[in-house]
Structures are given as C-alpha cells and as structure tokens.
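What follows is a single structure, written as structure tokens, with notes after it.
Rule-based calculations on the coordinates, nothing more; no lab input. Note that the coordinates shown come from a computational prediction; the quantities given were computed from them, not determined experimentally. Here the Cβ positions follow ideal geometry from the backbone for every residue, glycine too, while neighbour counts run over all protein chains shown.
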Amino acid sequence: MQGTFPALIRSMRPQQWLKNGFVFAPLVFSGRVGSPVAWGEAVLAAAVFSVLASATYLVNDVRDRESDRQHPVKKDRPIASGALPVGVALATAGILVVLGAAGGLVLGRTFAVTAGSYLALTLVYSFFLKEMVFVDVLVVALGFVLRVVGGALAVRVPVSHWLLLCAFLLALYLALGKRRSELVLLGADAAGHRAVLGRYTLPLVDQAISVVLGATVVAYSLYTVAPRTVSKVGSDHLMVTVPIVLYGLLRYLYLLHRHELGGSPTRALLTDRPLLAAVLVWLAVAAAVIGIR
C-alpha cells in the first residue's frame, strides 16, 4: 500500500494541473483581480478541472497500458509498469469525477455543464478521437477553450471571442509541439506505438506549427487592440505585451527543436528560465496595463 499511494499520485499527474491556469484568464482580463471572492471562485474552478483531468489521465493510462509498455518513456508510468493496480486507478477516477461534479455544482449549473462537457470530450478523445490525424490536436485545444469558458462562468464575467481564439491557437500550438516531440522520440517506431503518429511526418507537423504560430501572434495582437478590449482596459497599451508573447512562442519553438522539451510544455515552462521569465514578465506588464479595479 505504501508504494500504491505514491504511484497513484504520479498517475494523477499533479504537475499537469498547471494547464488549468487558463481558467484564470477571464478573471485577469476582466480587471477583477482585486476581488477575493472572484479569486476563490476561480481557484475552485481550477480545482474542478484539475480533478477531472486527473480522472481522465487515470482512465487513459488504463486504456493505453499495453502500448505504453512499448514506449521508451511511458513504460515507467505506474499503471503500465504495474506499480498501480487497474482497479485502484479506476476506482480513484470515479471518486475524482464525483468530487469534480460536486465542486462544479457549487459554481452553478452552467459551469457544471461546461466542466462535464470537458470531461466527456476528454474521454471521447481518449477512446476514439486521438487516432484521427489533426482531429486529435484540435480536440486537445478545444479542451483549453472549455477551461477558459469555465473560468468566465465561475467568476460571472463575459469572455471575449478573441480571448477564446487566442487560447485555442496557443493550445493547438503546444499540442502540435508535443506531436513533433513524439515523432522525434519514437522515430521509425512511431506508427507502431500509435497508429495516428504514422500519419504525421515531421515536415507536415513543422509546417502546421509555423502556421499556428503566426495565427496565434496575429490573433493576440488583434485582441489587444480590439474595441472591446480597449474599452475594458481604458487604452490600447496592452499591445506592448505582443513582443513578450512573440518571444515566449519563439523560445518554446527553440526548445522544441534544440532541447526536445516539446513533449511536455509544463516541464518546459518549469525548467527553462527564459521561458518562465517571459511568462512572469507578461503577467506583470499585463497586470500593470489592465490595473486592479
């Protein structure tokens, strides 16, 4: 039992909860960062998405345990290695779903429906959609959009369509980076591990990354000067954050090609100081421009 609990925590992947930072985007850009109540609601929303995400990680790892055993990295996952029994993983997943549902209802029925849609989409992805070329990465990106929508519903603020588009494109950029990393890591064995990887090629993925990178920069730039954004912020000064965003995206591209960190955007953010600095500088500048009101 002593070994089971640490294995369970590892399988829940708490380090991936950082992705649920997307939930806080509506709070930050609505200018309500000075509201303790709004922060409490946003934190609860992030917690709901975190436990639901962990539930899907457990289910996905149970489903993929045989193929994971053939993977040079995933073979060490607790379920694939046998450190975590399948029954314990599935029972925990069920408990996490119940906890997520309870927390979601606290934030309102509409939020609960959005969180439930995220759970359903992720499970459908795990069982069916992740084997469809490009559909797999688009669905992953859509999951991040649902996080942003959930964050807006939790703190009861409208969310800009531009912000949703930026979240979608950024998530798509990261998802394509992860696909590229998998192709590089697995090489000729990629198709044997997952059929969909055999349908991708490095030139194809690199071209897609370039397209999405450009689209992300354009979308964010337009968002900073959109009339609704200017009205909310009180000026068009948010556009000064565009070079910071561009640097962050290019830095991730550099890490993807030179240091092979694209397989885990979370790890790249936590271990690469220039990338982390870019995120922190962006947060500081954006907060200064938007102000607390």
Original post:
Is any residue of the range 238-253 close enough, with backbone N under 16 Å, to a label point placed 7 angstrom from the Cα of A277 along the Cα-Cβ axis, and if so, which?
Top reply: 244-252
Subject >> Farthest positive-ward along the range 1-159 dipole, Cα basis, beta-carbon charges - from P6, L142, H71 >> reply: P6
**OP:** Evaluate the range 1-159: find the radius of gyration of its Cα atoms, find its Kirkwood radius, and give the ratio Rg to Rh.
**Re:** 1.01
Original post:
Given the Cα-Cα distance of L246 and A188 and 0.36 nm per residue of separation, how much length would full extension add, in nm?
Top reply: 17.6 nm
**OP:** Give me the number: length gained by fully extending H237 to R267, i.e. 0.36 nm times residue separation minus the C-alpha to C-alpha distance, one decimal in nm.
**Re:** 7.7 nm
Original post:
Of L165, L107, L204, which has the largest mean-square fluctuation in a 10 Å C-alpha GNM of the chain?
Top reply: L204
**OP:** Would you calculate, for the chain, the mean residue ellipticity at 222 nm contributed by helices, counting each DSSP H stretch of 4 or more residues as -39,500 (n - 2.57) and dividing by all residues, to the nearest 500?
**Re:** -23500 deg cm²/dmol
Original post:
What fraction of the Cα pairs in the range 160-293, stated in percent, has a spacing above 23 angstrom?
Top reply: 39 percent
Original post:
Taking K and R as +1 and D and E as -1, what net charge do the other residues with C-beta under 15 Å from the C-beta of L172 add up to?
Top reply: +4
Original post:
With θ set to phi - 60° and the Karplus curve 6.51 cos²θ - 1.76 cosθ + 1.60, what are the ³J(HN,Hα) couplings of the range 6-21 in order, to the nearest whole Hz, using x for Gly and Pro?
Top reply: x, 5, 5, 4, 4, 5, 6, 6, x, 5, 7, 5, 4, 4, 6, x
Original post:
Does anyone have the angle between helix 86-106 and the longest principal axis of the chain? Alpha-carbon axes, 0 to 90°, nearest 10?
Top reply: 20 degrees
Original post:
At what distance in nm do the modelled label points of T110 and L44 sit from each other, each positioned 7 Å from its Cα along Cα→Cβ?
Top reply: 1.6 nm
Original post:
If the cut-off is a Cα-Cα distance under 22 Å, which lysines reach K130, setting aside same-chain residues fewer than 8 apart in sequence?
Top reply: K19, K74, K75, K178
**OP:** Compare A45, A226, A80 in a GNM of the chain, Cα atoms joined below 10 Å, and give the one with the largest fluctuation.
**Re:** A226
Original post:
Mind listing the phi-derived Karplus ³J(HN,Hα) values for the range 272-280, rounded to whole Hz, using 6.51, -1.76 and 1.60 with θ = phi - 60°, and x for any glycine or proline?
Top reply: 9, 5, x, 5, 4, 5, 4, 5, 5
Original post:
If each of E131 and R228 carries a label point 7 Å out from its Cα toward its Cβ, how far apart are those two points in nm?
Top reply: 3.9 nm
Original post:
For the range 164-172, in order, what is each residue's ³J(HN,Hα) by Karplus, 6.51 cos²θ - 1.76 cosθ + 1.60 with θ = phi - 60°, in whole Hz (x at glycine and Pro)?
Top reply: 5, 5, 4, 4, 4, 5, 5, 5, 5
Original post:
For the pair A287 and Y254, what calculated FRET efficiency results from E = 1/(1 + (r/R0)^6), where r is the Cβ-Cβ distance and R0 = 25 Å, to the nearest 0.05?
Top reply: 0.40
Subject >> Most positive-pole-ward Cα, V205, S264, H193, against dipole of the range 160-293 from beta carbon charges >> reply: S264
